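Notes for the one structure printed next.
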Amino acid sequence: MSPVPLLAVENLTMCFGGLVAVDNISFTAYRGEITAIIGPNGAGKTTVFNCLTGFYRPSAGRLAVHKDGEILQLERIEGFRIVRRAGIARTFQNIRLFAGMTVLENLIVAQHNPLMKASVFSLAGLLGLPRYRAAERAAVERARHWLDRIGLTDRADWLAAALPYGAQRRLEIARALCTGPALLCLDEPAAGLNPRESAELNDLLLGVRDEEQIGILLIEHDMSVVMGISDHVIVLDYGRKIADGTPAEVRADPEVIKAYLGEDEIDNAAEEAPLRPLAGREGGARANGAAA
Amino acid sequence: MTAAAGLAVDSAAKPPAFWVPFLKDAVLAALVAVLLALPLVGLQTYDIGGGALGIRTHFDWVAIGGAAVFAGRLALRVLQQLYRTRPTGRARVLISIAAWGNRQALPITLLGIGFAVALPFLPFSSRYLIDLGTTVLIYVMLGWGLNVVVGLAGLLDLGYVAFYAVGAYTFGLLARDLDFTFWEALPFSGLVAASFGVVLGFPVLRLRGDYLAIVTLGFGEIIRIVLLNWAPVTGGPNGIGGIPRPSFFGLHFARSAPEGVATFHQFFGLEFSPDHRVIFLYFVILAMALLTNAFTLRIRQLPIGRAWEALREDEVACRALGINPTTVKLSAFAIGAMFGGFAGCFFATRQGFISPESFTFIESATILAIVVLGGMGSQLGVVLAAVLLVSLPEFGRAFAEFRMLIFGAAMVGVMVWRPRGLIAHREPTLRLGSSR
Ligand SMILES: Nc1ncnc2c1ncn2[C@@H]1O[C@H](COP(=O)(O)OP(=O)(O)OP(=O)(O)O)[C@@H](O)[C@H]1O
Ligand SMILES: [Mg+2]
């Protein structure tokens, strides 16, 4: 399997006033691969996502997406169009479901654009033309497919807010997948999951990667997830990229260990368990707890 | 044996009967009352004569006071207790009524429509009642229109009356200057109001919640003030009169019509009655309201309607899913405004006269109250709330000056007991099992 480049980030910089949240980062994500972005709290991971998905306009740099042999410049596309044009879907660090709508409705709203097209400015829909009905059936089928995958079929008509936390995280992933993305950006999908749910999530993501042949960008603090499933890890610290490679390479990288542990502990850590300690400076408790 | 021991332990640990603490509490209260009353009420000084004071005792009063406090306190506690235990029972009844209502939504709706259609022909019906029904239906229609903006799209609009006014004045001006009839003007009223909806929508695209409410409130006032001051066109405070009444497929509701124009009563060979027009107006607004409802129910199940609700739930997530918040918001404003415009057009033809006075902020507030009271997004709730809000003050006329007070108290009550509105239930727009 020779990986096909999907997203090329070149010299991405994002400043907020004087604060440089992302500092001259370059990396490439490939189709059919899971690329993890890790780093201590405040390293700038979510900011990278916000630039990719059009919520922030980068201060500098180029974000190129290879789609159907074409190269699209993300920073030139209006935010809400990025899903449709470039095929980048995302989830949020703090779950953002449509809480007052049902699970199924959440997945149907994600297919707004094709459905809107089929409803011809709602006219075909208002008249109930077969063309629209067929499109709606197809949308429900797609939703049902992902519901089966995340194991929520029997709760399809529940309010999203009524789901337990882990199910909400999975639903948000399914909702992003319902847009039919080429690149799926997940912001800490395993946060708050118990070990069993976290293992299920690993299976889901690996399955999606292999079956859909899409690229996945994964921000994660839970090292069991990161090391378990990613093909490729990028480490950020204070907005800068400090490492980039396979999980094994990254876990042995002294820069990374230093970033995660602070200077003093390098010696012990390098000898004992180079990976377990990958805990953020401030986020140490969280990462440790999840990995333990 | 163990069971017996368990029983014994249980009965020993059992809390005293519920009235024991009440009794204790009442006795304590009575004691305090007696202690306080003894010097204050029990002993009284009086003038014996010659400037000297004597003391008179009134222990009977003290006893009466103590007994009253005891009884009162006990009654209060018992009432509190009853009140605390009742709601479970009452809530259960309410819940089962609501569940029944959901299951029977279609029969209830049909029954309601049947009643509305039959109202003018019922034995107790009167011209006054039909007039009242027409007013209620105007508010139902306005409520359903505003429900699109507030209930579905979650955009708090305090200036909705502006679109009502725009619709009414569109017809007023078209009738005065271009001799349009009601039916010819109706689509224009809707269109012009919808354009005003878009015009309002643009500057407030980035606003939400309170900020949006303030700007829309300002918009409503601007429209009214323009109508008031642009006298050459709008007639200023004098408004526009002589607005034509609607015709029934070209048949007029008049005692006698000019040459070549048929009247309703002649055509159908009926005795002339002014009630015909009143009843006709009632059916016109009934049809308009029902169309509004059908349209809203249908569009809720379309992508655009779901996008409105999604926008209400989370705008950021909408953007991340490729939904353009601008068009979604503008379409909600436009469609809500369009229904306001239709209702305004009807209002103008019903009154025959319009002036800025009919379009004050209190109207916006009433319509919003109907939507909020009914339960945001609930079509049936809007009907209930409109009936309550419009007809209760009418029936309350007997209380004259207490009318508004009772009305206000009723509203506070509803918001306390049913904070999410009379009907808080939201029907999903589609279900996995029953999707067509
Ligand atoms: N909109 C904004 N305005 C100002 N500063 C911001 C903004 N967004 C992010 N920042 C800052 O940029 C830095 C990076 O934030 P970011 O959210 O990307 O971190 P992160 O790596 O996702 O951290 P975490 O692991 O806690 O989620 C932080 O210092 C943050 O305060
Ligand atoms: Mg983050």
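Some values worked out for this structure:
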item: Sequence-distant residues sharing a close amide H with A:ARG90 (under 5 Å, placed H); result: A:CYS185
item: Electrostatic dipole magnitude of region A:107-213 [Cβ: Lys, Arg +1; Asp, Glu -1; Cα centre; debye, to 20]; result: 480
item: Expected-Rg normalisation [2.2 N^0.38 Å, Cα atoms] applied to region A:80-236; result: 1.08
item: P(r) tail fraction, chain A - alpha-carbon pairs more than 24 Å apart, %; result: 53
item: For chain A, size of Cβ-based charge dipole, Lys and Arg +1, Asp and Glu -1, in debye; result: 1540
item: Too-long pairs where the Cα-Cα distance tops 25 Å, listed order kept, from A:LYS45/A:LYS117; A:LYS45/A:LYS258; A:LYS45/B:LYS329; result: A:LYS45/A:LYS117; A:LYS45/B:LYS329
item: Rel. contact order, % - alpha carbon contacts under 8 angstrom, at least six apart, region A:1-64; result: 42
item: Derived scalar couplings ³J(HN,Hα) [region A:72-77; Karplus, 6.51 cos²θ - 1.76 cosθ + 1.60; whole Hz; x for Gly, Pro]; result: 9, 8, 4, 5, 9, 9
item: Cβ-placed point charges (K, R +1; D, E -1), dipole of region A:1-113 about Cα centre in debye, nearest 20; result: 140
item: Net charge of neighbours whose Cβ lies under 11 Å from the Cβ of B:TYR164, counting Lys and Arg as +1 and Asp and Glu as -1; result: 0
item: Partners for B:LYS24 among lysines (Cα-Cα distance below 20 Å; same-chain residues under 8 apart left out); result: B:LYS14
item: Using alpha-carbon coordinates, inclination of helix A:165-177 to the longest axis of chain A, degrees; result: 70
item: Rounded if a/c under 1.5, otherwise prolate or oblate - region A:96-180, Cα gyration tensor axes; result: prolate
item: Relative contact order computed over chain A (Cα-Cα under 8 Å; 6+ residues apart), in percent; result: 24
item: Which of A:LEU107, A:GLY87, A:LEU126, positive extreme of dipole for chain A (C-beta unit charges); result: A:LEU126
item: B:HIS58 long-range amide H proximity, modeled H, under 5 Å; result: B:LEU43, B:GLN44
item: Rounded tilt (10° steps) of A:130-150 against the dominant C-alpha axis of chain A; result: 30
item: Residues with amide H under 5 Å from that of A:VAL22, placed H, sequence gap 5 or more; result: A:MET14
item: 0 to 90° range, to nearest 10: angle between helix A:195-212 axis and chain A longest Cα axis; result: 60
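FYI, it's all coordinate maths here, none of it is from the lab. Since the model is a prediction, treat every value here as computed from it, not as a measurement. With ideal geometry, Cβ positions are generated from the backbone for all residues, glycine too; neighbour counts draw on all protein chains shown.
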